[in-house]
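Student: Please find one structure pasted underneath; my questions will follow.
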Amino acid sequence: MFSTQAVRYSPPSSSSAAIMTDQQDSTESNETPQDKVTKRFDQLEAIHPYTQKAIARVFKYEEMSVVQDAVLSRLPNGNDMFVKAKTGTGKTLAFLIAALETALDGKSRKDLQNCDGTSILVISPTRELAYQIAEEAKKLTRFFPFGVHCLVGGDSKRRQIHNLERGRCDIVVATPGRLNDMLSSVRHLKNACENLKVLVLDEADQLLDMGFKQELKQILAQLPDERQTMLFSATISKDIRKNLGDFALSSQHDLIDTVGKDEVNTHLHVKQSALVTPYQGQLQLLQHLLSNYEAANAGKVIVFLPTTKQTMVYAQLFKYLLPNRVVHEIHSRKSQDQRSRIANKFRNSKGGILFTSDVSARGVDYPGVSLVVQVGIPSTREQYIHRLGRTGRAGREGEGIIVVAPFEKEFLKKDIGDLPIQKLEPPALDEKQVTVNERAIDYALKSLDDEMIREVYTGYLGYYSSRMPQLGKYRAEALDEAKLFLEGIGITDIPHLSQRFLQQLGLDDRAPRSPFTDRRKRFGDQRNRFDDRRNRFDDQRNRFGDRRSNDRFDDRRRPDRFDDRRNDRFNDRRNDRFGDRRQREDSFGDRRYRSSNKKDNDDFF
């Protein structure tokens, strides 16, 4: 456990707020209320005039949000920070302003004309969030001669290197994979980061969830030790402290909690509902909801789906089911340029509907989203919360609805049962509209080839096979639900799957298992396969040995008469050869004997 200077910031109920400090952990603080000093941006004397100008003219902000007040009211501040802040509360602008003030410390206007390298480095878990942060940084530095670069995978690395070498690179926003690669291979970027002043790790919990711990360690090993580090996260857990905070932050850092230990990490003012309905008719209900529900017509709508292929199919279907609405789709099969263009179109639209996978679940800001619909259960409770966070941002109203099949109800009870979620009753559907929808669905399905249907089917099985044990179901039940899902969207010809594919997903039996059991079974299967190979080798060796000693083989290939004849000839030759030799030796002995006797006789006579 490392020591911290913890600060919990409580949102004000009136014109004042309370700040509690202690010297241990933020969850065990001795609360000492203090009067709140600042709430407006123009009251912050520590902010550079150019920054104030951008806030007033470009962003047109006057009041600070909770996290902005908590961070910026402490300026000037060169300490490392661990900030717990909810998504959609303006934290991007908070850490950009704070980082900019640290980078500008001690510099005159003349000094700003000279580029000393990269002063600010921001690491984001996703490309979309990185692009959004880069755009905010460009707006904030509108009146500075600074260069802002965004380094993410999916874009041309050669073009990114070319842009770095052409102009200034005062601020770099990057994803961990591309940044780690370029720090190791692009000397220009490596040299530019030698004068780094501030490092920001945004969405720290997601950085760990996505498995970027090793990349972050490699990145930090190539950065100067003398720097300020800001870590922003929706949660402050022991896992984040141990696996990220202990090597990214100094032992003496400020811990700022703008959420509080008793507050749920989601917007409680966002109305949340759950609609439980079978796959048969679920598409019709979703069409009715997006067409007639009040929140669906009050602004933009985001519809989250579990897999990329489901996202593609639903987007295609609803282009026909909702001909009067603009339908967008974002998923991993889109190139980065396509995703950026679609995101900008949806961001600038007034009432569009975005069908997306989880690439849009975190950090991405789409203003004016009045409704978030989640079709199927998300991967985790945290993912549900972050999806919900795309609406009701910055204090605005919003609503979230999760639509699940009956077998998914366990997620509502076990994972998000403590959230204020109301049960939504399925509405009565107009028969004429149902008939129109069926025709539209049939027409839309004509654009789906057999390969696409197969990928939708296998994608569904891949997603739900690992979640069935968490729902208290047999893994193999995913096959039944996948069939119902396809039939629910009008596909009756179910693709055939090989036994090997079913075995890979653990769908070849009916035994409910935990993830630990699944891992143990995989290792057991590998060991059994090794034993099988070894047994087969032993069998082959035994068969080879049997072939050498088998009676039938010996009878067929080496009959007794052959062995007898061969043995007789061999013995005859051996006897003849050695017999002749013995005879020669006997004759030689006789000669020696006669010679010896002759000599003896001569001597005797």
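Student: Write down Rg/Rh for segment 81-223, rounded to two decimals, with Rg from the C-alpha atoms and Rh from the Kirkwood relation over Cα pairs.
Tutor: Details: Rg = 14.4 Å, Rh = 15.4 Å.
That ratio equals 0.93.
Student: Another one. Can you list residues from other chains, or at least 5 along the same chain, whose modelled amide H is less than 5 Å from the amide H of E329?
Tutor: Residues meeting the criterion, in which the H sits 1.01 Å from N, are F355.
Student: In square nanometres, what is one fourth of the surface area of the convex hull spanned by the alpha carbons of segment 383-445?
Tutor: Projected area, direction-averaged: 6.9 nm².
Student: Can you pull the one-decimal nm distance between simple spin-label points at H269 and N344, each 7 Å off the Cα toward Cβ?
Tutor: 3.2 nm
Student: Label points 7 Å out from Cα along the Cβ direction at D246 and D450: separation in nm?
Tutor: Inter-label distance under the simple model: 5.5 nm.
Student: Mind giving me the FRET efficiency for E410 and H496? R0 is 41 Å, r the Cβ-Cβ distance, nearest 0.05 is fine.
Tutor: Using R0 = 41 Å, I get an efficiency of 0.85.
Student: Give a residue-ordered list of calculated ³J(HN,Hα) values for segment 136-143 (Karplus: 6.51 cos²θ - 1.76 cosθ + 1.60, θ = phi - 60°; whole Hz; x for Gly, Pro).
Tutor: 4, 5, 5, 5, 5, 9, 4, 9
Student: For E165 and D480, what is the calculated FRET efficiency with R₀ set at 41 Å and r taken between the beta-carbons, to the nearest 0.05?
Tutor: 0.10
Student: Which translational diffusion coefficient, to the nearest whole µm²/s, is obtained for segment 4-257 from the Stokes-Einstein equation, given a Kirkwood hydrodynamic radius over C-alpha pairs, 4 °C and 1.567 mPa s?
Tutor: In µm²/s, the coefficient is 70.
Student: Could I ask something else about it? Under the 0.36 nm per residue contour assumption, what length would be gained going from the current alpha-carbon distance of S291 and L429 to full extension?
Tutor: Values: separation 138, 0.36 × 138 = 49.68 nm, distance 1.18 nm.
My answer for the length gained is 48.5 nm.
Student: Please compute the modelled spin-label separation between S335 and L112, points set 7 Å along Cα→Cβ, answer in nm with one decimal.
Tutor: 3.8 nm
Student: Now a separate question. Cα gyration tensor of segment 39-150, axes a ≥ b ≥ c as square roots of the eigenvalues: rounded (a/c below 1.5), prolate (a/b > b/c) or oblate?
Tutor: Rounded, since a/c falls under 1.5.
Student: Read phi for every residue in segment 270-277 and hand back ³J(HN,Hα) as whole Hz from Karplus 6.51 cos²θ - 1.76 cosθ + 1.60, θ = phi - 60°, with x for Gly and Pro.
Tutor: 7, 5, 10, 9, 10, 10, 9, 8
Student: For a protection proxy built on the mean count of beta-carbon atoms within 10 angstrom, sort 474-482, 321-329, 108-116 highest first, please.
Tutor: Going by the mean number of other Cβ atoms within 10 Å, highest first, we get 474-482, 321-329, 108-116.
Student: Leaving out same-chain residues fewer than 8 places away, which lysines sit with a Cα under 16 Å from that of K60?
Tutor: Reachable lysines: K39, K138, K139.
Student: Also, quick follow-up: Which percent, to the nearest 5, of DSSP beta bridges fully inside segment 271-445 are antiparallel?
Tutor: Antiparallel bridges: around 0 percent, rounded to the nearest 5.
Taken together, the values in this text are just the output of simple stated rules run on the coordinates, not laboratory data. Given the structure is predicted, the values throughout are model-derived calculations rather than measurements. Counting neighbours? That spans all protein chains shown, and the Cβs are built from the backbone with ideal geometry, glycine included.
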